[in-house]
Amino acid sequence: MSIPQSAGGAIESRADLVRYLETGSKPKAEWRIGTEHEKFVYGLKTMKPVPYEGPAGIRAMLEGMRRFGWEPVMEGEHIIGLSQDGASISLEPGGQFELSGAALRSVHETCAEVNTHLEQVREIANEIGVGVLGLGYAPSWTLDDVPQMPKGRYNIMRRYMPKVGGYGLEMMFRTCTVQVNLDYSSEADMVKKFRVGLALQPVATALFANSPFREGRPNGFLSYRSHIWTDVDNARAGMLPFVFEDGFGFERYVDYALDVPMYFVYRDGRYIDVAGKSFRHFLDGSIPELKGVTPSMSDWADHLTTIFPEVRMKRFLEMRGADAGGWRRICGLPALWVGIYYDQVSLDAAWDLVKTWTTEERQAMRDAVPRQAFKTPFRDRTVGDLAREMLDISAAGLRRRAQTDSIGSNEEGFIQPLFELVNRRMTRAEEMLNHFEGDWAGDMSRLFSEYNFL
């Protein structure tokens with residue numbers, strides 16, 4: 001989750017909020033790729049999450065990373081993140097370690113950034129005796145096992161989440177994801193990309209399904225992380241049917257966001273708890289806790305980071321449907337969506353694929369995929385069939401982009417691991433379940449030894 005945003009001065013009117021999203025529009029030559037990925041940090045001896053403090057803790061990880069030129073982000077006396085050259089490292093509520101990558105030109109560049117990060121994390125982790133695991137859900141830890149990081153916004157969320165959904169604390173403390181942020185050129189381009197992204201997000205969830213365990217046992221799902229999001233806080237999550245309605249654009253999204261309940265307002269280094277109050281109430285001055293506080297564009301930018309639909313708009317579009325996974329597959333997510341979003345022929349083909357799907361069909365797919373993944377039925381096909389078509393569309397787009405590395409390879413190679421999954425019709429979650437029931441003989445420690453990034 002984000003660190004406090006910086007986005008400008010006072011809000012004069014609703015038009016300022018619309019304009020904020022409009023200013024995300026960029027010519028194609030300026031489109032960039034921003035990849036975010038989270039991972040669990042655990043003690044090699046205990047196979048438990050590590051605390052914030054201590055010689056093998058999260059603070060020690062952050063402090064160690066500073067040798068590579070990262071600058072600290074502080075909240076009071078606590079280091080809660082790092083920044084460097086447009087990238088940042090931040091902490092999720094339970095200490096999940098997140099890289100929010102810089103805005104880069106190609107998947108080659110974003111994957112190089114990922115690999116550099118891995119090398120840095122490996123060096124520090126080996127020194128302090130911790131491991132790093134890429135899964136969508138913590139496989140064997142109870143909620144009580146997981147420490148809370150010293151960030152004020154998380155105290156507010158922890159109090160509020162159980163009031164609005166059954167899985168809010170599960171999401172906060174025991175999930176990890178990989179996401180990609182992508183640009184749009186205009187309102188019309190944003191609308192088409194938003195609709196394609198929402199419709200195909202369950203297919204991406206199936207491709208990256210990687211969370212089949214809970215507290216040491218199979219949980220009955222292939223993407224338990226995705227299932228958790230069905231009951232976190234439905235006022236700020238979901239498939240957003242209004243995006244497909246006639247007239248959707250920046251103004252309609254602003255109206256939606258104005259009525260999404262807030263968590264906090266950040267002032268003078270502290271978080272003011274306004275959980276459950278809307279940004280619309282903030283603008284009209286009717287929140288007692290904010291008497292005399294003038295709404296700013298930074299408040300609006302902060303608020304947009306606390307909205308969690310399957311596709312989220314800030315001044316770019318964020319794809320949010322994937323479980324975290326192995327290092328080789330992290331680069332597959334940006335490649336998958338870049339091949340669709342950043343090539344007009346592929347974007348049009350993807351829209352042709354999804355444009356007749358109904359609200360009910362999209363939601364039914366979303367509801368079934370966490371458990372069934374590729375086997376989810378859809379019309380006279382399966383999600384596995386849709387995944388193959390989605391990958392074919394993306395691969396063609398990546399070839400047309402013709403972004404090559406130093407040896408002349410294009411970006412298409414980054415989605416080959418996804419083709420492998422579709423060809424064998426087996427998700428990574430099913431692969432792990434087969435190991436668990438076979439050669440691991442139910443020994444969860446094997447997962448930590450075989451799927452440790454480091």
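Among residues of region 391-418 that are closer than 10 Å to residue 335 by Cβ and of a type in the set (Phe, Trp, Tyr), those with a Cβ under 6 angstrom from a residue that is crowded, with 22+ Cβ neighbours inside 10 Å and at pLDDT 95 or above, sequence gap 6+ or separate chain, pair up as 414/107; 414/331; 414/332; 414/335.
Just give me the residues in region 284-340 being of a type in the set (A, V, I, L, M), assigned to a loop (DSSP other than H, G, I, E, B) and touching a residue at least 60 places away in the same chain (Cβ under 8 Å), in sequence order. Lay out the reasoning, then the answer.
From region 284-340, those of a type in the set (A, V, I, L, M) are 287, 290, 293, 297, 301, 304, 307, 311, 313, 317, 319, 322, 324, 330, 333, 335-336, 338, 340; that's our starting set.
Retained after the next criterion (residues that are assigned to a loop (DSSP other than H, G, I, E, B)): 287, 293, 307, 324.
Answer for region 284-340, where residues must be of a type in the set (A, V, I, L, M), assigned to a loop (DSSP other than H, G, I, E, B) and touching a residue at least 60 places away in the same chain (Cβ under 8 Å): 307, 324.
Residues in region 321-348 that are out of contact with any Leu (no Cβ under 8 Å at 6 or more places or on another chain) and surrounded by fewer than 24 Cβ atoms within 10 Å (Cβ to Cβ): how many? Result for region 321-348: 6.
Looking only at region 166-192, how many residues end up being part of a helix (DSSP H, G or I) and either in contact (Cβ under 8 Å) with a residue 40 or more places away in the chain or closer than 24 Å to residue 35 by Cβ (or both)?
Quick first cut of region 166-192, residues part of a helix (DSSP H, G or I) only: 168-174, 187-192.
Next, only the ones that are either in contact (Cβ under 8 Å) with a residue 40 or more places away in the chain or closer than 24 Å to residue 35 by Cβ (or both) stay: 168, 170-174, 187, 189-192.
Matching residues across region 166-192 total 11.
From the list 14, 66, 59, 32, the lone residue that is closer than 30 Å to residue 283 by Cβ, among the basic types (Lys, Arg) and modelled with pLDDT of 95 or more is 14.
One line per residue, one yes/no per condition, for (1) over 19 Å from residue 225 (Cα atoms); (2) modelled with pLDDT of 95 or more; (3) within 25 Å of the chain's Cα centre (by Cα):
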residue: 364; (1), (2), (3): no, yes, yes
residue: 381; (1), (2), (3): yes, yes, no
residue: 384; (1), (2), (3): yes, yes, yes
residue: 391; (1), (2), (3): yes, yes, yes
residue: 401; (1), (2), (3): yes, yes, yes
residue: 412; (1), (2), (3): yes, yes, yes
residue: 437; (1), (2), (3): yes, yes, no
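Evaluated against (1) touching a Cys at 6+ places or on another chain (Cβ under 7 Å); (2) in a loop (DSSP other than H, G, I, E, B); (3) not acidic (Asp, Glu), residue 409 falls short on exactly one condition, (1).
Out of the residues in region 19-54 meeting the condition of being assigned to a loop (DSSP other than H, G, I, E, B) and among the hydroxyl-bearing types (Ser, Thr, Tyr), tell me which one is nearest to residue 257 (Cα to Cα).
23
Tallying residues that are within 22 Å of residue 127 (Cα to Cα), in contact with a Pro (Cβ under 9 Å, 6 or more places away or on another chain) and assigned to a strand (DSSP E or B) within region 59-82 yields 5.
The set of residues from region 185-204 being surrounded by 23 or more Cβ atoms within 10 Å (Cβ to Cβ) and either at pLDDT below 95 or more than 16 Å from the chain's Cα centre (by Cα) (or both) comprises 190, 193, 196, 199.
Applying the set (1) in contact (Cβ under 8 Å) with a residue 24 or more places away in the chain; (2) in a helix (DSSP H, G or I); (3) in contact with a helix residue (DSSP H, G or I) (Cβ under 9 Å, 6 or more places away or on another chain) to residue 163 leaves exactly one unmet item: (3).
Answer with yes or no whether residue 289 is at pLDDT 95 or above, more than 30 Å from residue 375 (Cα to Cα) and touching an Asp or Glu at 6+ places or on another chain (Cβ under 8 Å). Yes; evaluated as a whole, the condition is true for this residue. Has region 259-276 got any residue that is assigned to a helix (DSSP H, G or I) and more than 20 Å from the chain's Cα centre (by Cα)? The answer is yes, given that some residue of region 259-276 is assigned to a helix (DSSP H, G or I) and more than 20 Å from the chain's Cα centre (by Cα).
Test residue 103 against the stated conditions and say whether it is touching a residue at least 40 places away in the same chain (Cβ under 8 Å) and crowded, with 20+ Cβ neighbours inside 10 Å. So residue 103 does not fit the description; no. Condition check for residue 409 on (1) surrounded by 17 or more Cβ atoms within 10 Å (Cβ to Cβ); (2) polar (S, T, N, Q); (3) under 22 Å from residue 106 (Cβ atoms): one failure, at (1). Against the criterion of being surrounded by 23 or more Cβ atoms within 10 Å (Cβ to Cβ), in contact (Cβ under 8 Å) with a residue 40 or more places away in the chain and either under 22 Å from the mean Cα position of the chain (by Cα) or farther than 22 Å from residue 143 by Cα (or both), residue 226 qualifies. Evaluation of residue 299 against the conditions (1) at pLDDT 95 or above; (2) surrounded by 22 or more Cβ atoms within 10 Å (Cβ to Cβ); (3) under 17 Å from the mean Cα position of the chain (by Cα) shows that the sole unmet condition is (3). Please determine, by comparing only the residues of region 80-98 that are crowded, with 21+ Cβ neighbours inside 10 Å and hydrophobic (A, V, I, L, M, F, W, C), which one is farthest from residue 36 (Cα to Cα). Going through the qualifying residues, I end up with 80. Exactly one residue out of 433, 454 is in a loop (DSSP other than H, G, I, E, B), touching a strand residue (DSSP E or B) at 6+ places or on another chain (Cβ under 8 Å) and either buried (at least 16 other Cβ atoms within 10 Å of the Cβ) or of a type in the set (A, V, I, L, M) (or both), and it is 454.
The values are calculated or read from the model by the stated rules, or taken from the named source; none is laboratory data. For clarity, every value in this text was computed on a predicted model and none was experimentally measured. Please note: Cβ atoms are built from the backbone with ideal geometry, for glycine as well, and neighbour counts cover all protein chains shown.
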